[in-house]
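First the structure, in the form of structure tokens, and then the observations on it.
Every number in this text was worked out from the coordinates using simple rules, so none of it is lab data. Note that the structure is a prediction, hence the values are computed from the model and not measured. We place every Cβ from the backbone using ideal geometry, glycine too, and count neighbours over all the protein chains shown.
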Amino acid sequence: MSEFLANMYPWTKSLHIIAVLTWMAGLFYLPRIFVYHTEKVTPGHETDALFQVMEMKLYRYIMNPSIIAVWVFGLALVLTPNVVYWDSIWPYTKGACVIAMTWFHMWLGARRKDFIAGRNTRTGRTFRMMNEVPTLLMLVIVFSVVVKF
């Protein structure tokens with residue numbers, strides 16, 4: 001198995017990067033849609049339904065498949081020989097941030113359900129502030145993986 005993973009390493013790493021890019025696009029964009037949904041749309045209006053469709057398609061068809069691929073290819077990389085050195089700090093900081101990013105993904109899904117139920121209580125300001133979460137986590141992840149501290 002480890003020989004197979006070693007031979008597939010360039011493909012696994014490439015697919016992991018592609019999945020991360022598509023997932024991050026959704027993590028950046030969905031909170032921004034929530035800002036406009038909160039500030040510009042009246043619940044129950046036809047525009048409300050339009051926003052809900054946009055949010056659902058982004059979450060279900062882009063973000064969910066991407067997070068699955070990120071985890072599958074990421075775990076494959078972890079299991080590939082000589083990729084992760086557990087005596088360093090970086091795998092732990094990256095792992096913690098990926099778990100936090102996964103929590104953020106689930107938080108966004110819960111907020112989407114709030115809009116569907118007509119019970120969103122968050123403000124546009126809250127969604128603007130939460131929109132910074134994936135950026136901060138991404139910075140830690142990238143520096144962890146590239147600098148390998």
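Counting only residues that are of a type in the set (D, E, K, R) and touching a residue at least 12 places away in the same chain (Cβ under 8 Å), which one in segment 1-33 is surrounded by the most Cβ atoms within 10 Å (Cβ to Cβ)?
K13
Has segment 90-100 got at least one residue that is in contact (Cβ under 8 Å) with a residue 60 or more places away in the chain, of a type outside the set (F, W, Y) and not in a loop (DSSP other than H, G, I, E, B)?
No, segment 90-100 has no match at all.
Can you tell me how many residues within segment 61-81 are touching a Lys or Arg at 6+ places or on another chain (Cβ under 9 Å) and either closer than 20 Å to R32 by Cα or outside any helix (DSSP H, G or I) (or both)?
1
What are the residue pairs meeting all of these: first residue in segment 43-57, first residue within 19 Å of F127 (Cα to Cα), second residue surrounded by 15 or more Cβ atoms within 10 Å (Cβ to Cβ) and of a type in the set (S, T, N, Q), Cβ atoms under 9 Å, and 6 or more apart or on different chains?
Every condition considered, the pairs that remain are P43/N120.
Look at A19 and say whether it is part of a helix (DSSP H, G or I), among the aliphatic types (A, V, I, L, M) and under 17 Å from A117 (Cα atoms).
Answer is no for this residue.
If we scan segment 34-51, do we find a residue that is surrounded by 12 or more Cβ atoms within 10 Å (Cβ to Cβ), in a helix (DSSP H, G or I), touching a Lys or Arg at 6+ places or on another chain (Cβ under 7 Å) and of a type outside the set (A, V, I, L, M)?
yes
State the number of residues belonging to segment 101-146 that are assigned to a loop (DSSP other than H, G, I, E, B) and either over 17 Å from the mean Cα position of the chain (by Cα) or farther than 23 Å from E55 by Cβ (or both).
Total satisfying the criteria: 6.
Look at V142 and say whether it is under 17 Å from F28 (Cβ atoms) and either of a type in the set (A, V, I, L, M, F, W, C) or touching a Pro at 6+ places or on another chain (Cβ under 6 Å) (or both).
Against the criterion (under 17 Å from F28 (Cβ atoms) and either of a type in the set (A, V, I, L, M, F, W, C) or touching a Pro at 6+ places or on another chain (Cβ under 6 Å) (or both)), V142 qualifies.
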